[in-house]
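The values are calculated or read from the model by the stated rules, or taken from the named source; none is laboratory data. Computed from a prediction, not measured in an experiment: that's the story for all the values here. Every residue, glycine as well, gets a Cβ built from its backbone with ideal geometry; the counts of neighbours run over all protein chains shown. The accessibility values were calculated without ligands, DNA or RNA, using every heavy atom of the protein model including side chains. Shrake-Rupley method; radii C 1.70, N 1.55, O 1.52, S 1.80 Å.
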Amino acid sequence: LKQLRLPRFFVSILCEPSSTWTSEVLSIKRVTLAVFQVLSVDPDSDEITHVALLSMPKLLVSFSSCAANETEGLYHLVSQYMRQRERVPEATSTGALLAWMQYHVRRTSLAIRELRQEALSLDESLDRDFAAFDFNDIIEAKNCLLRVLSVAEEQHGTIEALVAAENDTEGLDFSNCRGVLSVLLAMSASNERLSSRVDKHLNELRERVMTHREDTLNQRLGLLTLLSAIFMPLTLLTGIWGMNFEDMPELGMHDAYQYSLVGMLVLAVC
């Protein structure tokens with residue numbers, strides 16, 4: 001980096017701990033730095049991963065906040081993607097930058113579509129057997145979606161910032177890549193909208209489950225209320241007749257036991 005004679009604040013950003021990186025676009029006369037969030041190579045990882053692309057005329061330098069054991073896998077995936085010539089808009093640093101962005105935006109799109117399919121499967125499972133449905137499945141899908149939604153929002157914001165920064169730097173030149181840039185911008189915006197719709201779908205599923213649980217609880221409380229209404233008067237009578245007083249005339253009445261049972265039955269029915 002010293003050989004590139006970059007401004008100190010560019011170098012300071014790249015040399016900061018990767019855990020402090022945030023999505024941003026910085027540009028000066030001949031250099032543009034784009035930092036954006038991407039999905040982790042490990043689909044089960046909760047780690048936030050960023051990629052930084054330093055673009056200059058005829059030079060593109062890439063950096064990643066991936067763990068050391070994941071970095072090789074990330075670059076392998078990107079190189080495999082770029083082996084098809086049509087995926088690199090032109091043989092320039094800007095063309096390579098767009099190919100990097102396009103690869104990660106497509107990964108995000110695929111992850112969102114998988115989550116949409118999972119939400120549809122959860123919906124079908126809920127309709128098929130409500131009692132056997134596991135509410136934790138919705139929680140897991142929701143947590144995964146929140147991570148992907150964060151990535152989609154930041155990628156869309158980064159692409160918009162790159163478009164705005166083109167006129168201020170020689171490090172970007174989209175003049176021969178307008179079509180690819182438009183498609184990339186539309187795809188990132190579509191990812192953001194689709195993730196919001198999946199989020200709404202999962203929220204609706206959660207509301208359905210919570211409503212069903214509340215209805216079940218209300219039914220049980222209603223049954224308990226009915227049983228209480230039946231047995232409370234009976235408990236009162238048995239409590240009175242169970243007192244150890246010597247003068248209780250009704251205890252000496254003829255057929256008192258039968259009358260008491262009939263009275264309790266009338267109270268219970270009424």
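Overview of values
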quantity	calculated
Residue that is most open to solvent (accessible area, probe 1.4 Å) [pool: residues in the range 49-99 that are touching a residue at least 24 places away in the same chain (Cβ under 8 Å) and in a loop (DSSP other than H, G, I, E, B)]	Lys58
Residue within the range 10-17 that is aromatic (Phe, Trp, Tyr) and more than 15 Å from Thr169 (Cβ to Cβ) present	no
Counted residues, the range 143-168 - those being more than 20 Å from the chain's Cα centre (by Cα), surrounded by fewer than 20 Cβ atoms within 10 Å (Cβ to Cβ) and polar (S, T, N, Q)	1
Where a residue in the range 194-205 is under 11 Å from Leu149 (Cα atoms) and its partner, wherever it lies, is surrounded by fewer than 19 Cβ atoms within 10 Å (Cβ to Cβ), with Cβ under 6 Å and at least six apart	Val198/Arg116
Residues that are under 19 Å from Leu110 (Cβ atoms) and without any contact (Cβ under 8 Å) to a residue 40 or more places away in the chain, drawn from the range 123-145	Glu140, Asn143, Cys144
Residues being loosely packed, with under 11 Cβ neighbours inside 10 Å and of a type in the set (Val, Ile, Thr) - total across the range 207-224	1
Tabulated pairs, the range 170-191, first touching a residue at least 12 places away in the same chain (Cβ under 8 Å) and open to solvent by 50 Å² or more (accessible area, probe 1.4 Å), second of a type in the set (Asp, Glu) and outside any helix (DSSP H, G or I), C-beta under 9 angstrom, 6+ apart or interchain	Asn176/Glu90
Condition met for Glu204 (open to solvent by 50 Å² or more (accessible area, probe 1.4 Å), under 30 Å from Ala34 (Cβ atoms) and modelled with pLDDT of 90 or more)	no
Complete set of residues in the range 31-48 that are open to solvent by 40 Å² or more (accessible area, probe 1.4 Å) and closer than 20 Å to Thr158 by Cβ	Val41, Glu47, Ile48
